[in-house]
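Heads up: the structure comes next, in structure tokens.
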Amino acid sequence: MEKVNPEFVRFVSDSTALLSMRDSDFDAYSAFGEVIDNSIQANSSSIRLLVKTHQEARQRVGDYQVVDWIAFGDDGYGMDAETLHRCLQLGFSSRYNDRSGIGRFGVGMTLGAINQCKKVEVYSKTENGNWLYTYIDIDEITGKPAKMNSIPEPMVSVIPEEMKGLVAGVQGTLVIWSKYDKQPLSADAMIEEMDVWFG
């Protein structure tokens, strides 16, 4: 039997591991809370959420609001290019094991996001910087052949027009969840629950 070169045996198979992690026990509201926690730790004074939906008729439940995307915006101190490049990496944290804040281990926001949706986009801007953008897309990672095998290096970009009001200011971060496929309830019912959980 031909020996496998240990140099090329990775700790995890990216696509399989990510699909397994999508079945973690996060619920939707805890996943939302992970993004809000990050905004709080970034010293945000304003955190805004926008949910884009469309309506479908469903058997048994009737009218059902389907989530197209959810966008979270804040006016926190933002991320530089290096931090933004790694912010979607599972296991990365700029505050690893820091007990002074909310998050410690660098898995919450990304794990919560991929539990709920297949595409996560992040725009961020520091006070004297430009808006920078990166993303991950489960479909591109797990495709055969895969179209994505690493997190793209952040590039200067423009905030989508309909989301600009979420990040008005000289700095901040915008997180967008799309390809939303783990929706637990009709979006109108989810939004009512969000008020309770975020409080």
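In contact (Cβ under 8 Å) with a residue 12 or more places away in the chain, touching a helix residue (DSSP H, G or I) at 6+ places or on another chain (Cβ under 7 Å) and open to solvent by 40 Å² or more (accessible area, probe 1.4 Å): does that describe Lys118? Yes. The single condition among (1) at negative phi; (2) at pLDDT below 95; (3) buried (at least 16 other Cβ atoms within 10 Å of the Cβ) that Tyr123 does not meet is (2).
Yes/no matrix, rows are residues, columns are (1) open to solvent by 50 Å² or more (accessible area, probe 1.4 Å); (2) of a type in the set (A, V, I, L, M):
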position	(1), (2)
Ile36	no, yes
Gln41	no, no
Gln55	yes, no
Cys87	no, no
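The values are calculated or read from the model by the stated rules, or taken from the named source; none is laboratory data. Keep in mind the model is a prediction, meaning the values are calculated, not measured. Neighbour counts are summed over all protein chains in view; Cβ atoms, including those assigned to glycine, are modelled from backbone coordinates with ideal geometry. Calculation scope for accessible area: heavy atoms of the full protein, side chains included, ligands and nucleic acids excluded. Shrake-Rupley method; radii C 1.70, N 1.55, O 1.52, S 1.80 Å.
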